[in-house]
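Peer 1: My structure is below; once you've seen it, I'll send some questions.
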Amino acid sequence: MSFVPELEKVLGVSLITDPDITSSYSKDQAPFAPFAPAKAVLLARSTEEVSKALAFCSEHKIPVVTRGAGSGLSGGANADADSLVISLEKMNSIIEIDPANQWAKVQAGVINLDLDTAVKEFGMAYLPDPASRDWSTLGGNVATNAGGMCCVKYGVTSHHVRALKVVLSTGEIIEVGKATKKFVTTLDLMHLFIGSEGTLGIVTEITVNIVPRPKSPATLIATFPNITQAASASTELLKYRPSMLEIIDQTTLKAVEKWHPLGFEVAGSILLMQLDENFELGDAAVATCQSHGMIDGMFTTEASEAADLIRVRKLAYPALERLGATLLDDVALPVTKIAEFVGKVEHLAKKYDLTIGIFGHAGDGNMHPTIVHDHGDVEGEKRAKSAFAEIVGVAQELGGSASGEHGIGSIKRGLVKDEVSQSVIDIQRGIKQLLDPSGILNPGKKLP
Ligand SMILES: Cc1cc2nc3c(=O)[nH]c(=O)nc-3n(C[C@H](O)[C@H](O)[C@H](O)COP(=O)(O)OP(=O)(O)OC[C@H]3O[C@@H](n4cnc5c(N)ncnc54)[C@H](O)[C@@H]3O)c2cc1C
């Protein structure tokens, strides 16, 4: 029998059960992660409501999938037919902004960019900048430990979180971390929840760092004959403390040129760097690029020119999407291994007869090989999935990791085992058992 009427009675609200609607709340943006329309969706409006729902689901062993905006790329927010989806989209209030103590407290459904826009009024910024920041939620960002372009200088989401309110699977509400800048009073339980992809608890409130707004950045663009030279230049450019350092390979550049010719047809690779201070280092940065074989380069402090220069990076993924169906991979690498990684992925592109464009965050080694196959080509899709898994293996062989920022969700669960020891897997399982004894929170996700 459906749990819906009883849970509606407990909560005193209606759940969404129309399959046309539940299905849109039951999957994220990952193209091949399995999902089925959930039994019901709760648009939660308070921590107490989340708590009541979880207590009920624990008692009745109903699987629960937490949902932010569904912008995830690993199937993390995908549901199955027996589950309850708890969406945090209505919990979107900015609770308090404290510029003097440099923090802001929000409900988990607040959109990343909305917080940054609100704190701007005080001359402050919320720095973590996933490319999805105009629609992904802070709860989702915390649950995936989202990254972005600014990470090379400012780190990932976890570096910006001070405290969390979390509902455990039993319905118990706990607070971890502290609004103070420093806090070592307890074991660091807060960071256990960051990046846990909805498997340990539901985050309902978040206290984050806000900082004085950095200056509008200066931008360097440099073209190179090949990615080996661009990658070696990028490693050296780190000494200038860039606030952004991105790399694009030739396959991706060709896709951009085919769509929006920007004049990069002769380049084998491009580097884009931004500085949000010490603009006087621009000339030295150009000289560094020259010493690594730069073909052409330009450094500008003009915001409008900068917008033109970084356009090529913004077009990278959509340009590849125009070539066919895409599988966007995400791996973390030592920065010194980028060129070797690209060489091996190019080899995989030939082996599987696929187009694979590579771009990513050169400054922190987080690369996004994007595999393209023809829409509707079933064989091509199979080859793309094999290449997707092998790319992860290549990154792991080079001392890297299965995911840098998109998370494990369901699509990479099988690819993690060889990267971590059995002891680490067992400890994680123990933690899961302690925090979610009935195993209802996002089953089948994240943990190998
Ligand atoms: C075009 C595009 C660009 C992207 N660019 C980036 C990028 O630059 N960097 C990056 O890191 N990611 C990027 N992503 C991936 C995605 O936007 C991030 O993973 C984001 O953090 C997900 O937020 P969300 O609110 O959409 O969460 P969802 O997709 O809804 O959920 C993601 C995971 O978090 C869990 N979850 C959500 N909210 C909560 C909560 N309150 N409590 C507990 N668990 C929760 C879900 O169960 C799921 O496992 C991109 C995605 C797209 C489509």
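The values are calculated or read from the model by the stated rules, or taken from the named source; none is laboratory data. Here the structure is a predicted model, which means the values were calculated and not measured. Quick reminder, even Gly has a Cβ in these numbers, built from the backbone with ideal geometry, and neighbours come from all protein chains shown.
Peer 1: Take the residues in the range 379-400 that are in contact with a strand residue (DSSP E or B) (Cβ under 6 Å, 6 or more places away or on another chain) and within 16 Å of Gly343 (Cβ to Cβ); name whichever of them is surrounded by the most Cβ atoms within 10 Å (Cβ to Cβ).
Peer 2: The residue in question is Ala395.
Peer 1: Answer yes or no: is there a residue in the range 310-324 that is in contact with a Ser or Thr (Cβ under 8 Å, 6 or more places away or on another chain), within 16 Å of the ligand (Cβ to nearest atom) and among the small types (Gly, Ala, Ser).
Peer 2: Yes: the range 310-324 contains one or more residues that are in contact with a Ser or Thr (Cβ under 8 Å, 6 or more places away or on another chain), within 16 Å of the ligand (Cβ to nearest atom) and among the small types (Gly, Ala, Ser).
Per-residue answers, yes or no, for (1) within 13 Å of the ligand (Cβ to nearest atom); (2) among the basic types (Lys, Arg); (3) closer than 30 Å to Pro63 by Cα:
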site	(1), (2), (3)
Thr144	yes, no, yes
Arg162	no, yes, yes
Lys165	yes, yes, yes
Gly171	no, no, yes
Gly177	no, no, yes
Lys182	no, yes, no
Thr185	no, no, no
Leu189	no, no, yes
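Peer 1: Let me ask something additional. What number of residues within the range 115-132 are within 10 Å of the ligand (Cβ to nearest atom) and either part of a helix (DSSP H, G or I) or under 19 Å from Asn92 (Cα atoms) (or both)?
Peer 2: 4
Peer 1: Sticking with this structure for a sec: Working only within the range 230-268, note down all residues that are within 23 Å of Pro318 (Cβ to Cβ), aliphatic (A, V, I, L, M) and not in a loop (DSSP other than H, G, I, E, B).
Peer 2: Selection gives Ala230, Met244, Leu245, Ile247, Ile248, Leu253, Ala255, Val256.
Peer 1: If you don't mind, another one. Under 6 Å by Cβ, and 6 or more places apart or on different chains, what pairs join a residue from the range 47-63 that is over 18 Å from Asp80 (Cβ atoms) with one that is part of a loop (DSSP other than H, G, I, E, B)?
Peer 2: Val50/Ala44; Ser51/Gly171; Ala55/Gly171
Peer 1: Quick one: in the range 114-160, which of the residues that are among the β-branched types (Val, Ile, Thr) and crowded, with 24+ Cβ neighbours inside 10 Å is farthest from Leu189 (Cα to Cα)?
Peer 2: Across the range 114-160, the extreme among qualifying residues is Val152.
Peer 1: Then there is this: How many residues does the range 401-443 hold that are away from the ligand (no atom under 16 Å from the Cβ) and either buried (at least 19 other Cβ atoms within 10 Å of the Cβ) or in a loop (DSSP other than H, G, I, E, B) (or both)?
Peer 2: 5
Peer 1: To continue, here is another question. Please report, ordered by residue number, the helices (runs of 4 or more DSSP H) entirely within the range 276-372 with at least 1 residues that are surrounded by fewer than 19 Cβ atoms within 10 Å (Cβ to Cβ) and within 25 Å of the chain's Cα centre (by Cα).
Peer 2: Result: 303-309, 311-321, 338-352.
Peer 1: Now for a separate question. Conditions: (1) in contact (Cβ under 8 Å) with a residue 12 or more places away in the chain; (2) more than 21 Å from Ala118 (Cα to Cα); (3) surrounded by fewer than 21 Cβ atoms within 10 Å (Cβ to Cβ). Ile202 meets all but one. Number of the miss?
Peer 2: (3)
Peer 1: Do you know which of the residues in the range 146-160 that are more than 8 Å from the ligand (Cβ to nearest atom) and not in a helix (DSSP H, G or I) is farthest from Met273 (Cα to Cα)?
Peer 2: Restricting to residues being more than 8 Å from the ligand (Cβ to nearest atom) and not in a helix (DSSP H, G or I), the top hit is Gly155.
Matching residues to (1) in a loop (DSSP other than H, G, I, E, B); (2) farther than 27 Å from Glu246 by Cα; (3) at pLDDT 95 or above:
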| position | (1), (2), (3) |
| --- | --- |
| Ala100 | yes, yes, yes |
| Lys105 | no, yes, yes |
| Leu113 | no, no, yes |
| Asp134 | yes, no, yes |
| Ser169 | yes, yes, yes |
| Glu175 | no, yes, yes |
| Ala179 | yes, yes, yes |
| Asp188 | yes, yes, yes |
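Peer 1: Do we have any residue at all in the range 37-48 that's among the hydrophobic types (A, V, I, L, M, F, W, C), farther than 29 Å from Asp329 by Cβ and within 12 Å of the ligand (Cβ to nearest atom)?
Peer 2: The answer is yes; a qualifying residue exists.
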